[in-house]
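Asks: This is the structure I want to talk about, given as structure tokens.
Since every read-out is calculated from the coordinates, none of them should be taken as a lab result. This is a predicted model, so every value here is computed, not measured. Quick reminder, even Gly has a Cβ in these numbers, built from the backbone with ideal geometry, and neighbours come from all protein chains shown.
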């Protein structure tokens with residue numbers, strides 16, 4: 001069960017001029033699944049990416065970093081599911097490189113112009129021959145209209161007019177499992193036809209990741225493979241957006257962030273066993289970082305998450321989680337907590353007006369927002385998460401079977 | 001279900017000269033439970049304590065700290081279950097003080113000679129009148145032989161000969177729920193008849209907590225109330241142990257630590273829904289702190305915990321948890337992992353000799369030890385934890401009902 005919003009209809013997903021996608025069934029881990037995706041980017045496209053901070057970064061992440069640092073522009077992204085190619089040592093890096101060689105050869109580009117992305121189980125070798133065998137099918141399938149087919153579930157699209165040009169932004173994502181701060185998505189690909197300078201695009205990728213994929217958490221585990229790729233083809237022919245402080249950059253950033261947030265929130269809604277979608281707003285912090293720490297301490301607490309699953313207003317667990325956020329000089333007597341429209345805590349203690357019945361009423365809802373006020377500064381942060389159900393245990397205990 | 005060792009037989013639990021315990025049914029949250037414990041300490045007893053680092057420390061913790069800082073020695077400990085008296089603001093502190101007044105009056109000691117401890121649900125007021133009404137029953141019940149009755153489940157005892165005197169150490173604990181680093185027990189009380197200097201006792205309490213209650217975790221949540229109290233009555237009449245570097249201190253520390261570790265491990269074995277007891281040894285670290293971080297990152301990962309529940313050797317999840325421990329300069333290529341007698345990872349990748357069958361064989365055991373080698377220093381740390389089952393969700397979703 002998931003607390004999913006209606007995804008956009010496939011026919012509503014806008015294609016991006018300069019981007020073609022091709023999908024194949026390469027039988028990577030299980031037969032007859034769409035498990036190989038090739039994204040071909042036309043000449044002139046700029047690409048920026050943000051990766052997991054897990055020290056056991058997967059082999060494809062290491063190769064992606066190399067290729068992004070190379071002088072040749074990225075022209076292709078190859079994504080496989082089923083096997084993460086993480087915890088695979090030098091052999092895994094060779095496999096990721098060999099995947100790039102196969103794609104480069106098929107598209108007549110350089111090896112370093114390919115970004116390889118993988119998601120799936122850790123510590124197993126990539127089935128290289130099956131991946132190589134699947135690449136021609138991906139190439140044959142390449143088309144601008146394949147976004148929905150590539151995404152299957154998590155996808156979104158938006159437009160914005162900048163300098164008189166209609167800019168389109170479309171994104172897809174693969175989520176669930178090992179979802180946490182610092183690249184909570186497994187794989188996210190967002191493309192736009194805007195013309196954006198290289199530095200501005202890199203900055204945009206970081207900023208967008210911080211406010212979307214790095215602000216969601218399902219289970220507190222950060223994957224070895226998490227990657228957000230942002231591609232800008234320039235085909236909208238708008239005057240190139242170069243400055244990070246310009247109004248044009250701001251307008252583009254808002255749209256790309258909204259697309260990324262919808263993708264990221266969809267991952268949470270689709271979280272393993274999720275029955276509730278929970279928004280945690282923390283304000284009044286001395287820094288954005290401490291607000292994030294408080295929000296994630298709440299979002300990661302199994303006791304808080306099981307209370308939401310049970311619709312049990314055992315809200316002292318939220319206070320305990322706030323107290324565990326590692327803010328050494330936090331004054332509990334200043335802390336406030338609102339759950340939906342109900343004031344639960346004032347000055348660090350149960351609010352005089354609070355009743356369990358009111359708490360229960362909010363806890364029963366499928367979409368719950370809470371606000372924690374630290375009353376020690378002006379910074380704020382938002383995290384999106386879900387509850388913790390029997391099905392989380394079931395799905396993760398059965399994941400490989 | 002719990003993975004419990006056989007607890008000691010009540011008749012094997014040694015009493016401590018100078019310590020008497022009394023239990024009452026005060027109907028604090030539910031009727032007819034043993035929910036109030038009074039521990040009376042004879043004159044000359046020294047007491048040290050270690051408390052939760054949660055910033056939402058409960059009212060009794062705040063009052064305990066005040067009373068320990070006072071010049072009058074501690075002569076009584078009063079423990080209630082059912083209501084934690086946390087998230088209760090100034091009124092909660094008044095309630096904790098009033099509890100001390102009632103105990104002091106009944107025992108004819110000063111208010112500041114009482115340590116109040118509470119455990120239970122957060123953000124509810126202590127039923128002060130019922131607690132006051134229960135204290136006379138506790139006093140009437142006071143006896144040196146009541147350790148097992150006070151503990152009910154989690155208790156242990158040991159002796160050591162120091163300077164020709166037989167020293168006895170007996171401990172009891174209430175655990176489960178909100179169990180994490182930095183005072184993982186709800187309430188632990190350990191008493192010895194050894195004569196120990198005040199400074200040495202304080203140091204001993206810190207050292208023992210670090211190697212026992214602060215080295216266990218069930219769900220990563222640190223309670224608002226966690227407290228370890230260590231009392232030394234001096235009735236064994238050994239020459240007072242004053243220096244932390246002496247052989248006598250060392251012998252006492254080993255025995256008290258063993259008692260504390262047995263209590264702490266019992267809390268994990270008794271963890272909500274636990275079906276497996278997991279020992280995580282991390283060695284080769286540059287500091288003990290980083291070894292603890294790696295061990296706790298593994299112990300807190302819901303994906304690792306559900307894999308243990310399922311006996312599924314999806315051991316890449318352990319690598320991902322190691323990579324998430326926040327050691328910025330960790331070299332994955334040096335990391336090794338052994339599970340029981342099976343080498344799983346060498347040089348950061350799957351060991352050539354490893355087979356899933358071997359992994360599965362170990363994962364099926366009820367007691368599992370793993371060893372993570374970081375190969376970057378000489379420090380080490382050990383953490384004890386349990387798996388994550390359907391029952392964890394069930395118990396915590398139903399906790400208050």
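Asks: Using a 7 Å offset from the Cα along the Cα-to-Cβ direction at both residue B:331 and residue A:203, what is the distance between the two label points in nm, to one decimal?
Replies: Inter-label distance under the simple model: 3.7 nm.
Asks: Which one of A:315, A:230, A:21 has the biggest mean-square fluctuation once chain A is modelled by GNM with Cα springs under 10 Å?
Replies: Among A:315, A:230, A:21, the largest GNM mean-square fluctuation belongs to A:315.
Asks: Let me ask you something else. If the elastic network links every pair of Cα atoms under 10 Å, which of B:381, B:231, B:333 fluctuates the most in the Gaussian network model of chain B?
Replies: B:333
Asks: Which whole-angstrom value gives the distance between the alpha carbon centres of the stretch A:120-169 and the stretch A:16-59?
Replies: Their Cα centres are 6 Å away from one another.
Asks: What 222 nm value per residue comes from the helices of the protein assembly as shown, counting each DSSP H run with n ≥ 4 as -39,500 (n - 2.57) and dividing by all residues, nearest 500 deg cm²/dmol? All intermediate terms of the calculation are to be shown ahead of the outcome.
Replies: Numbers: 22 runs with 261 residues, N = 802.
That calculation yields -10000 deg cm²/dmol at 222 nm.
Asks: Which whole-number percent is the relative contact order of the stretch A:277-398 (Cα, under 8 Å, 6+ apart)? Kindly include the intermediate steps, with their values, before the conclusion.
Replies: On the way: 223 pairs, mean separation 56.8, N = 122.
Rounded, it is 47 percent for the stretch A:277-398.
Asks: Okay, next question. Sequence gap at least 6, Cα distance under 8 Å: using those rules, report the relative contact order of chain A to the nearest whole percent.
Replies: 18
Asks: Next question. Give the shape of the stretch B:277-397 as rounded, prolate or oblate, defined through the alpha-carbon gyration tensor: a ≥ b ≥ c are the square roots of its eigenvalues, a/c under 1.5 means rounded, and otherwise the shape is prolate if a/b is larger than b/c and oblate if not. Write down the numbers at each step before the final one.
Replies: Values: a/c = 1.95, a/b = 1.29, b/c = 1.51.
Judged from the Cα gyration tensor, the stretch B:277-397 comes out oblate (a/c at least 1.5, b/c at or above a/b).
Asks: A follow-up question, please. How much length is gained on full extension from residue A:140 to residue A:9, taking 0.36 nm per residue of separation minus their Cα-Cα distance?
Replies: Numbers: separation 131, 0.36 × 131 = 47.16 nm, distance 2.46 nm.
Between residue A:140 and residue A:9, full extension yields an extra 44.7 nm.
Asks: How many angstrom separate the Cα center of the stretch B:342-401 from the Cα center of the stretch A:262-313?
Replies: 26
Asks: Using a basic spin-label model with each label point 7 Å from the Cα along Cα→Cβ, how many nm lie between residue B:286 and residue B:30?
Replies: It is 5.0 nm.
Asks: Between 0 and 90 degrees, rounded to the nearest ten: what's the tilt of helix A:288-300 against the longest Cα principal axis of chain A?
Replies: 80
Asks: Treating the Cα atoms of the protein assembly as shown as identical point scatterers in vacuum, please give the log10 of the normalised Debye intensity I(q)/I(0) at q = 0.06 Å⁻¹, two decimals.
Replies: Log-scaled intensity ratios, in q order: -0.42.
Asks: Relative contact order, percent, of the stretch A:192-239 when contacts are C-alpha pairs under 8 Å separated by at least 6 residues? Kindly include the intermediate steps, with their values, before the conclusion.
Replies: Details: 33 pairs, mean separation 37.6, N = 48.
For the stretch A:192-239, the relative contact order is 78 percent.
Asks: Measuring nothing but label to label, 7 Å from Cα along Cα→Cβ, what are residue B:333's distances to the other copies in nm, shortest first?
Replies: 5.6
Asks: Hey, got the average number of other protein chain Cβ atoms within 10 angstrom for residues in A:377-388?
Replies: Mean partner-chain Cβ count within 10 Å for A:377-388: 1.
Asks: Still on this structure, I have one more. Seen from all sides and averaged, what is the projected area of the convex hull of the Cα atoms in the stretch B:286-337, in nm²?
Replies: Numbers: hull surface 14.3 nm².
Taking the Cα atoms of the stretch B:286-337, their convex hull projects to 3.6 nm² on average.
Asks: Normalise the Debye intensity by I(0) for the stretch B:10-269, one equal point scatterer per Cα, no solvent, then take log10 at q = 0.09, 0.13, 0.14, 0.16 Å⁻¹ and round to two decimals.
Replies: Here the Debye-derived log intensity ratios amount to -0.34, -0.74, -0.87, -1.16.
Asks: I need the calculated FRET efficiency for the pair residue A:364 and residue B:72, taking r as the beta carbon distance and R₀ as 51 Å, to the nearest 0.05.
Replies: Details: r = 50 Å, r/R0 = 0.99.
It comes to 0.50.
Asks: Another question, if that's okay. Using only the alpha-carbon atoms, how far is helix B:59-69 inclined from the longest principal axis of chain B? Give it as 0 to 90 degrees, nearest 10.
Replies: Orientation of helix B:59-69: about 70 degrees from the principal axis.
Asks: Using a label point 7 Å beyond Cα on the Cα-Cβ vector, give me the inter-copy distances for residue B:110 in nanometres, one decimal, shortest first.
Replies: 8.0
Asks: Related question: Between the helical axis of B:89-107 and the dominant principal axis of chain B, each derived from Cα atoms, what acute angle in degrees is found, rounded to the nearest 10?
Replies: 50
Asks: Separate question: Taking the number of other C-beta atoms within 10 Å as the exposure measure, put A:256, B:242 in order starting with the fewest. Could the numbers behind the result be given before it?
Replies: Working: A:256 28, B:242 15.
Taking fewest neighbouring Cβ atoms as first place, the list is B:242, A:256.
Asks: Distance in nm between label sites at residue A:351 and residue B:133, each 7 Å beyond Cα in the beta-carbon direction?
Replies: Once both label points are built, they end up 3.3 nm from each other.
Asks: Note the distances from residue A:70 to each other copy's matching label point, with points 7 Å along the Cα-to-beta-carbon direction, in nm, sorted shortest first.
Replies: Copy-to-copy label distances at residue A:70, shortest first: 7.3 nm.
Asks: How are the alpha carbon pair distances in the stretch A:228-342 distributed across 5 Å bins from zero to the largest one, expressed in percent?
Replies: P(r) for the stretch A:228-342, in whole percents per bin: 2, 9, 15, 17, 15, 12, 10, 9, 6, 4, 2, 0.
Asks: I need the peptides B:368-376, B:81-89 ranked by packing, meaning the mean over residues of other C-beta atoms within 10 angstrom, with the highest value on top. Intermediate results must be reported in sequence, preceding the final value.
Replies: Working: B:368-376: 19.6, B:81-89: 26.1.
Descending mean neighbour count gives B:81-89, B:368-376.
Asks: For a quick check, take a GNM of chain A with Cα springs below 10 Å and name the residue from A:364, A:296, A:174 with the largest mean-square fluctuation.
Replies: In the Gaussian network model the winner is A:364.
Asks: Quick one: grab the alpha carbon gyration tensor of the stretch B:330-379, order the square roots of its eigenvalues as a ≥ b ≥ c, and give me rounded if a/c is under 1.5, else prolate or oblate depending on whether a/b is larger than b/c. If you can, show how the numbers build up before the last one.
Replies: Values: a/c = 3.48, a/b = 1.58, b/c = 2.20.
Oblate shape, in that a/c is at least 1.5 and b/c is the bigger or equal ratio.
Asks: Which FRET efficiency, nearest 0.05, do residue A:240 and residue B:378 yield, Cβ-Cβ r, R0 56 Å?
Replies: Details: r = 55 Å, r/R0 = 0.98.
Working from the Cβ atoms, E equals 0.55.
Asks: Given the peptides A:42-49, A:203-210, arrange them by the average over their residues of other C-beta atoms within 10 Å, most packed first.
Replies: Values: A:42-49: 19.1, A:203-210: 20.8.
The densest-packed peptide leads the list: A:203-210, A:42-49.
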